[in-house]
Each structure stands twice: as structure tokens, then as C-alpha cells.
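*Asks:* Once you've had a glance at the structure underneath, I'll fire off some questions.
Just so it is clear, none of the values below were taken in a lab; they were calculated from the coordinates. Just so it is clear, the model here is predicted, and its values are computed rather than measured. Cβ atoms come from the backbone with ideal geometry, glycine included; neighbour counts cover every protein chain shown.
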Amino acid sequence: MNVNPRMNEAPTPRRFPWKLIIAGVMIVGFTTLGITSLLSSSVEYTNVNRAERLGKTVQIVGTWVKEKGSSYDQYKNVFSFTLRDQDGRIVPVVLNGAKPNNFEIAVSVVAKGRMEGGVFQASSVLTKCPSKYEGQAEQ
Amino acid sequence: MIGQLGIHLLFGIAVASTVVYALSLRQASKGLEQIGRILFRVLTGGLVVSAVALVWLIVTHRFDYTYVWNYSSRELPLHLLVACFYSGQEGSILLWTLLVAAIGSVLQPYARRHGYESSVMVFYGLILSFLTLLMVAKNPFAYYHETFAASGITALDVPENGRGLNPLLHNAWITIHPPILFTGFASMSVCFAFAMAGLLRREYHRWIDIALPWTLFATAVLGFGIMLGGFWAYETLGWGGFWGWDPVENSSLIPWLVVVALVHTMLVQKRTRGLVKTNMILAVISFVMVLYSTFLTRSGVLGDTSVHSFVDPGKFAFWILLIFMLVFTVLGTILVMYRRHDMNVNREEFGFKTREFMLSIGASLTMASAVFVTIGTSWPVIMEVLGLPKVAVAVEFYNQIHRYLVPAVLLVNGISLVVLWRSTSVDRLRRGILPSALVAAVGTIILALFGIRDVWPLALGFAAWFSLAINLREAWRLARSGPAMLGAYVSHTGIALLMFGVICTSSYSSTFHAVLVHGEPKAVGPYTLTYLGKEQVEREFKDREKFRYYVRIERDGQRRVVAPVLYWSDFNQRQSAFLEPGIRWGLINDLYVSPKATGRENVLKATTVMRGTTVPAPVDSALRLTLVRFTMPMEEGPSADGRMQMAGVVQAERNGVTTELRVLTRISTTSAGPAFDPVWVNLPGSTYSIGLTQINRNNDDPSKSTGTFAFYDTSKPMPRAREEFTIEFSDKPLISLVWFGVIAMVAGFGLSIGRAVSALKKKSPLAAGELSPSANVESKIDQAQTTVGDSDKS
């Protein structure tokens, strides 16, 4: 608390630039915080090939291959279906959770997860519906 | 035809009103001002007529209008039909424009009283010109036959029924949430218009007093609207939480954060005459962020990243939105830059131990939050514009940032109430902070004893206790001065409570997955859950099949029944169920039951196959099944008990050996549609049996009909015949604080509006001649005597 008690008076040129230092520290701190958070939490949109190469969490935009069906195991709480990515490659997807809302009418799905042994292990599947105003989907 | 012409006409009137107001400003002409005013009233009247006309078309089922066809249907009750007015883009733009105009017709006499009419209305009119231009692009009065002229539709082809409203939106919230949110958005224009008027008139202080009640109003209403959205998601949509950092949620949060910062910096200027430029800049940003949010959520640029979906608005609307945003950014920037030296009136610095300094820090932290949320939300767009691979940020980004920001804001809030305007003694600082810090420390220990062990929730808890203690103490001291003084304290208490709710639900909730069997109690965590059976509701509607599933929750002899809802709707051809949670509301905790699946689709392992396609058997991937065709009831004849029979002809192939199976199912007709009772057939070379549990006939193209086949292991006991209900069950402690907190926050703003308005009335409206900086000194002294801090000084 060694703050100049005359701080609230008119500025004098000799004074130590506390304000600048505080502003500087805040800006540097926030920038660092922002960049590290961005780097650690960004998730790339990509295709199956790259997801396989990267081996980390990514998002794949694609469509459900209807002919291959879908199934939900309610005891394990696992939903599985087949996804065709935007380059046409097909991959089985296993979602930890129930069937997403509007799954059947979705025009596309966005699966977030990682490739593990030829299967895309998804933590969430977003469905994009040809719907309206706040047409819903669920994770 | 009339509707479409009318919209073009409205655009013309909006432009005319703006131009006339601008001319009246230039020539200081009362007559022109009056014409501008009349034009503005005509515009408002025209918008009201358009809105009423659109509602009328919807209510009378005029499906020859594309919008009516696209968003409504005959089945909807009146309150939902009215809501259809704004469930599409065209209508929601009309609603927004209408609300801007409606607020404008309150603003215009208000501004006139303060001598600001032309200078405010010229900017306000410009905003309305752009909004009406958007309406021209997204005209709600387009005819069906015009929209689909390319597919050979003529004026004689009027659809029998509309496409209807997404069943998830069939509840009271859609009649409440969007109008409130749009009122919030619309009222953000006012503060911007006043700031611009202040710049035009070179009155850099007076606009603050006049605009403050409006800014408080915008903050309160937008905040309330955002909370209602969260409540809707929690109560009806079954997302399980109230906030998910979704782009659409973020896009309403960003302008709110900016306007919260602005309210505080405006307060600083009111008291100290500092932060003149900051306020101008923030007023511009707050409005531009409203436009940016609209752009993000309506232009389709965030298509893949949101759980909300919006139809692509088309090129024209996209460019109008973009230009709308750019015009106001450039306009605001030019005006601020042009006047920057003129505004350079008070170069006085704030001392550290002053309220103005603390409020500035608090506003900076709030702005930092706004900046980070903006960056996070825009990240996919930024990366795309830069030509880099598209990347989205995970929810973790927002959590990580706010782990630092929110506790800091709460601490600064606490301290800002201890320090006084202009200067504070070290002794007062110590007396104010130490007891509250002690309370906060004890409170944090209590949180830890209740099982919260992570450092971040505890840090947030400490900050929230600290802020709460100081706010309550100050509120208690000021209570005798009447409720009008308490606005800020009530709001900040609300925020602290909200944070407690966030801490408890995020780090102390427990969630279980459970399969409940009809009538059998099942232990789930510390609770015993029993599925008691279901009841069909809303039977009068033929377009849906809706069930209430009763689940009993028991603990320590206490019993509660909740009723999650699951329904099938023609909206998605009954392909998958719509779900609503069942909630046992409580002050201490909520018990939340989300339906996940029912016996209808998921008793056994199952797969759905289209005719003519091949899939691997879900129980054995070496076995490939091809659905060749369905046999007709005629072919099969009735079953022994007289039920209709059909069969799926399936080729089962393993290692090149193909067996053809005829999988029969018996069909009975129930009120809820056909029910399928499979005749189980053994799968060659395995212990599994296959049964046909559902046939989905595709009426447009029977060759695309699908069958659902289920499998079970004959070596194990037959799966239960009793009905099963799969749920996710959560115990959410103190989530009630989230709602109470936000309500307190909004109520606090309400009190502050009252105070700001009455403070304004006390002053002579034409008092301050603010053109010269020296004239400020007297009013500064005058103001200093009416500050909150004064009661402390004595």
C-alpha cells in the first residue's frame, strides 16, 4: 500500500507512472491469458484423414449415412452411426451419450472427438437442421 | 402486392424522415423539424400496420404468403400463431424494426423536452432506414407463388397447410423471450443516438445525464432477455444447464457486457467529468456490437458452430447487414475522431483510492470479457478470413478466461463501494475491506467444508462472498434513504448470488445415467427412482403423439413425482422423439430428469435399413444384411389372432454364404399409430435372433422405405418384456440462485432507472452551457453535493 497519498491531486510530471504500469500489466496479462487459452482450447474443423493423422480432438462436419443405420445402446449409453465427411470418406462414429435431437432430419452433423483405432470417438454431436428461428439441436 | 409496396414505402419514409431531420438541424428550422417528426410518426404507424397485417395473415392462415406458409400451420393455438410472427428471419427483422420505432416514439418527445430532438432523431432515423432496407431484402409479404415461381407454381397453387412451427418452440417462452430480447436490442440504439447527438452539439457531458435512464433500461431488459433464454433452455429444451457459450447466446451477451461497462463509465463521468472520450467510444461500440451480433447470427457465417440454426439470408441481406455494421462503425469513428481535441477537456487523473478509479478498472475487466467472448465467437470466421484452417474454440476457452475475470470483477466491485469519489482515507479503506475479507474467508472455508475443493471455485467463492458482504452492508446503511438509492447494491448482490449458483451447480452437480424398468425401483446415487408409467396428453392433436412419463424420486422417505415429456411429431415425420425434462424445483436443489430413450426404439440392439441397401448386423459385423423388399399384407394373410402381417425379406451373408430370411411382423392399429410385434427368426451361424420392429413407409418413393430390425441373444434370457425408460438424472444444488441472482440484478437496474429519471427532473433541463470546459466547474460542485458518497463523507 505504498501508494502516493497525493495521487488524487493534479498530476505532476515527476510522478512515477503507476497508471501506465497497471495498464501495461493488465494488457500483457490479458493478452497472455487470451493466447494461451485460445491455443489450448481451439478445435480444428477437418476431415477424417487429417483427424487420423492428428490424433487429437477435432470436429468433423459431415452427413449421416442413412443406409448404414444408427443404434443406441441404452445400457452403455452409447449411440453409434456412420458419418460421411465432406471429402466423401466414411467413418463409424461412437458417441458417448444418447441420440441427438433431430438426428434424422439433420442436413448435416458436426461430430467433435478424436479418431481411435478407425472409429471416431465423439464427445458431442451437433445436428444442423433445416429449421427456423431458434431451431434446436442438442449436444 | 400491397404488402411489398408498403415495405418499400416505409423505407422511403424512414429515409425522408432522416433527411428532413438532418436539414432541420442544418438550418435550425422548427418547421422542418415538425415535418421530420410527422414522417417519423407515419413510419411508426406504418410499421404497426405491417405488424398487425402480418399477424392477421398468420391467424387467418393465408398460406398464399410464403412467410405464413413457412412458419405457421392450422394446428397452432392462437398464442403460438402470434409468436409465428417473429419465428422466421423476415418477421423477426420486422419485430426489431417495430420495437425500435416504438421506443423511438417515446424517445422523440423525451429528446424534444431536452432540446435534443433533431440531433437524436437524425441518427435514430438512419438506424431505422437500414432496418427498413433489411425488411425490403427480407420481405415478409412475399407471395408463395412468387417465391417458388421457378418450380412452376402459379398463383392458383395455394398450399393447404403451412409447414408449422418447430415443436420445441411450442411453449409460452417463445411468446416472451424473443420480444424481450429484441426490446433490449432495440433500446441499445438510443444511447448511441444520444452520444452521436452529443458529439454533433459539442455537449460532451449533458448527453450522459439524458441518456443514462435509457442505457440502464437497455441493460436491464437485455439482461433479463438473456436470462429468460437460459431459463427456457433449462426448463423446456432439456439442455441441462442455463448457459453453454453457444455463439447465439454469446452474441446477445457481448452487447450486454459492453453496455454494462458503459453504464459504469457514464456514472464516472456524471460524477467526475472524466472518461468523456471513453463514453463516446463505448456508446459506439455497444451499438456496433448489436449489429455485429445480428450479423454473426443472421448471415450464416457461423453455420457449423452453433446449436441454433438460421436459414442463410441470401446475398442481398448479407451485404446490407455488413454495410449496416460498417456504416455505423465508420460514422461513429469519424465523429469521435473529428471531435477528439474538442473533447479533451479534463485531463485530470483519477487517484487509486477513488471510486472513479475502481469503476474504471471494473469497466475495463467487463470490456476484457466482452473482447474475449467476441474473439472466441468470431474465431472460426477470423480463421476463415485469414485463409487458415477453420478452428472453433471449445467452451473451455470461455471458462478459462472467466476464471480470472469474474473473481477480479467481484473484488473490484466490493472495493469500489468502500472507496469514495475523489479520495478515500487509508483508515476507511481498512475499516471497509478487512471485515468483509474476514467474512469472505469464513464463507470460503464453509464452501470448502461442503465439499468444494478446487481452487477456482473457491477463488470465485471468496470474491463472491466479499462482494456480497460489502453490498449488503452498504445497502443496510443506505436503506433508510429509501429504495431508490439501493439499485446498484441490489444488482451487485444479484451478481454475487448468481455466481454462487454457478459455483454450486458447476462443481457440485451429480449426473447419473439410468435405465428404469416399469414398476421396478432402482437406486440411482442417493435416490431411488421408479418409472410409474406413461400417459398420453394432447390427444386432440392429430399431428403429434405426446406422452408424459411419470418418474417417482424417493430419498429418506420423501417422495416426489416428476413428469418428463417425450413426443413424436409430424414436423420431423415422427422419425425421432422430442424431449422435455421433468424438474422437481427446489430452493436447495433441483432434481432434473431428462428422457433419453424409450422402449419404442431401444429395447434391443437395433438398426434401420433402407430397401435395397446392405448394413452390418449390429451384433456381429461379419454378418451383412441386405433388405431386399417388404412383402405385402395380402401376400402374408392374417396371423392366427387376426392381425395383419408383413415381412421384410432379408439376405444374410457371412463369408460369401448367403441365406434368405423372411422376417415377419404382426401389425395392430392403435390410437398411437401402427404397433409392430415381431416374429423372431434365428440368424444363421449365430446365437442371435432378428425381429422386424418397425416399418417406415416412404409414401413419396416406396423403394426408399425403411425397416427397423432388432436383435437379441437367444443364449441369454429374453430382454425384459416390460417397458423401459432411459433417463439422465441430475441433482443440481442451488441452481435457484442463478435465477434469483439475475432477477435481483434486473430489479436493481429498475431502481436505478427510477433514480436517474428523478435526478434528471430535479435539474433544469436547459441549465448547463457546456461548450466551454470552464463552465463545468460549478455544475461539478453542484453534482458533488448529491452523490451517494456524500453521506459517507460527513
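*Asks:* Using θ = phi - 60° and the Karplus relation 6.51 cos²θ - 1.76 cosθ + 1.60, list the HN-Hα couplings for the range A:112-121 in order, rounded to whole Hz, with x at every Gly or Pro.
*Replies:* Per-residue couplings from phi come out as 10, x, 9, 7, 9, x, x, 10, 8, 7 Hz.
*Asks:* Further question on the same structure: Run down the aspartates and glutamates and flag those whose C-alpha is under 19 Å from the C-alpha of B:K732, throwing out any fewer than 8 positions away in its chain.
*Replies:* List returned: B:E235, B:D454, B:E554, B:D556, B:E580, B:D590.
*Asks:* In addition: Say the dipole of the range B:526-600 comes from +1 at the beta carbon of Lys and Arg and -1 at that of Asp and Glu; which of B:A597, B:L532, B:Y567 then lies farthest toward its positive end?
*Replies:* Checked the options; the winner is B:L532.
*Asks:* Roughly how tilted is helix B:206-232, in degrees to the nearest 10 and between 0 and 90, from the longest Cα axis of chain B?
*Replies:* Taking Cα atoms only, the helix is inclined about 10 degrees.
*Asks:* Follow-up question, since we're still on this one. May I ask you to derive the relative contact order of the range B:461-530, considering only C-alpha pairs under 8 Å and at least 6 residues apart, and to give it as an integer percent?
*Replies:* Details: 46 pairs, mean separation 18.2, N = 70.
It rounds to 26 percent for the range B:461-530.
*Asks:* To the nearest Å, what is the center-to-center distance of the range B:6-25 and the range B:27-72, using C-alpha atoms only?
*Replies:* Here the answer is 14 Å between Cα centres.
*Asks:* Rule-of-thumb check for the range B:119-219: C-alpha Rg over 2.2 N^0.38 Å?
*Replies:* Output field value: 1.63.
*Asks:* Here is a follow-up. If you place +1 on the Cβ of every Lys and Arg and -1 on the Cβ of every Asp and Glu, how big does the dipole about the Cα centre of the protein assembly as shown come out, in debye to the nearest 20? Mind showing how you got there, number by number?
*Replies:* Numbers: 86 positive and 66 negative charges, 552 e Å.
With only Lys, Arg, Asp and Glu charged at Cβ, the dipole is about 2660 debye.
*Asks:* Here's another thing I want to ask about it. In Å, the Kirkwood hydrodynamic radius of the range B:526-600 over pairs of distinct alpha carbons?
*Replies:* 13.4 Å
*Asks:* Enumerate by residue number the trypsin sites (Lys or Arg not before Pro) in the range B:29-93 meeting two conditions: DSSP loop (anything except H, G, I, E, B), and at most 16 other Cβ atoms within 10 Å of the site's Cβ.
*Replies:* Passing sites in the range B:29-93 are B:R74.
*Asks:* Determine the sum of side-chain charges near B:R624: Lys and Arg each +1, Asp and Glu each -1, restricted to other residues whose C-beta is under 10 angstrom from that of B:R624.
*Replies:* Its environment carries a net charge of -1.
*Asks:* Still on this model: Enter the angle in degrees (range 0 to 90, nearest 10) between the Cα long axis of helix B:89-113 and the first principal axis of the Cα atoms of chain B, meaning the one along which they spread out most.
*Replies:* 20 degrees
*Asks:* Per-residue ellipticity at 222 nm for the protein assembly as shown, helices alone: DSSP H runs ≥ 4 residues times -39500 (n - 2.57), over residue total, nearest 500 deg cm²/dmol?
*Replies:* When only DSSP H runs of four or more count, the value is -16500 deg cm²/dmol.
*Asks:* Another question, then. Just how many % of Cα pairs in the range B:604-719 lie over 19 Å apart, if you round to the nearest whole percent?
*Replies:* Taking all Cα-Cα pairs of the range B:604-719, the fraction more than 19 Å apart is 44 percent.
*Asks:* From the residues B:C191, B:F217, B:L267, which one has its Cα farthest along the dipole of the protein assembly as shown in the positive direction, the dipole being from +1 and -1 charges on Cβ of Lys/Arg and Asp/Glu about the Cα centre?
*Replies:* B:L267
*Asks:* Just to confirm the number: angle between the C-alpha axis of helix B:276-298 and the first principal axis of chain B, 0 to 90 degrees, nearest 10?
*Replies:* The angle comes out at about 20 degrees.
*Asks:* Moving on. Kirkwood hydrodynamic radius, the protein assembly as shown, all distinct C-alpha pairs: what's the number in Å?
*Replies:* For the protein assembly as shown, inverting the mean 1/r across all distinct Cα pairs yields 30.9 Å.
*Asks:* Which FRET efficiency, nearest 0.05, do B:L322 and B:A523 yield, Cβ-Cβ r, R0 51 Å?
*Replies:* Working from the Cβ atoms, E equals 0.35.
*Asks:* Filter the cross-link list A:K99/B:K138; A:K66/B:K596; A:K68/B:K596; A:K99/B:K546; A:K128/B:K138; A:K76/B:K542 down to pairs whose alpha-carbon distance in this structure exceeds 25 Å.
*Replies:* Check vs 25 Å cut-off fails for A:K99/B:K138; A:K76/B:K542.
*Asks:* Shape call for chain B from the C-alpha gyration tensor, a ≥ b ≥ c root eigenvalues: rounded (a/c under 1.5), prolate (a/b greater than b/c) or oblate?
*Replies:* oblate
*Asks:* Residues with amide H under 5 Å of B:Y143's amide H, sequence separation 5 or more or different chain, H placed in the peptide plane at 1.01 Å from N; which?
*Replies:* HN-HN under 5 Å from B:Y143: B:T66.
*Asks:* Additional query: Placing +1 at every Lys and Arg Cβ and -1 at every Asp and Glu Cβ, with all other atoms neutral, what dipole size does the range B:604-719 have around its Cα centre, in debye to the nearest 20?
*Replies:* For the range B:604-719, the charge dipole is close to 140 debye.
*Asks:* Mind checking which aspartates and glutamates have their Cα closer than 18 Å to the Cα of A:K19? Skip sequence neighbours fewer than 8 apart in that chain.
*Replies:* Within reach: A:E9, B:E348, B:E349, B:E356.
*Asks:* Same structure again: Could you tell me which residue out of B:T706, B:L326, B:I753 lies farthest along the dipole of chain B toward its positive end? Charges go on the beta carbon: Lys and Arg +1, Asp and Glu -1, centred on the Cα centre.
*Replies:* Positive-end residue among those listed: B:I753.
*Asks:* Here is a follow-up. What ³J(HN,Hα) values, in whole Hz, does the Karplus curve 6.51 cos²θ - 1.76 cosθ + 1.60 give for the range B:397-406 when θ = phi - 60°, with x put for Gly and Pro?
*Replies:* My calculation for the range B:397-406 gives 4, 5, 5, 4, 4, 6, 4, 8, 5, 5 Hz in order.
*Asks:* To the nearest 0.05, what FRET efficiency results for A:E116 and B:Q34 with a Förster distance of 60 Å applied to their C-beta separation?
*Replies:* FRET efficiency, A:E116 to B:Q34: 0.25.
*Asks:* Under a Cβ-only charge scheme (Lys and Arg +1, Asp and Glu -1), can you give me the dipole magnitude of the range B:526-600 about the Cα centre, in debye to the nearest 20?
*Replies:* Numbers: 14 positive and 10 negative charges, 38 e Å.
Approximately 180 debye in magnitude.
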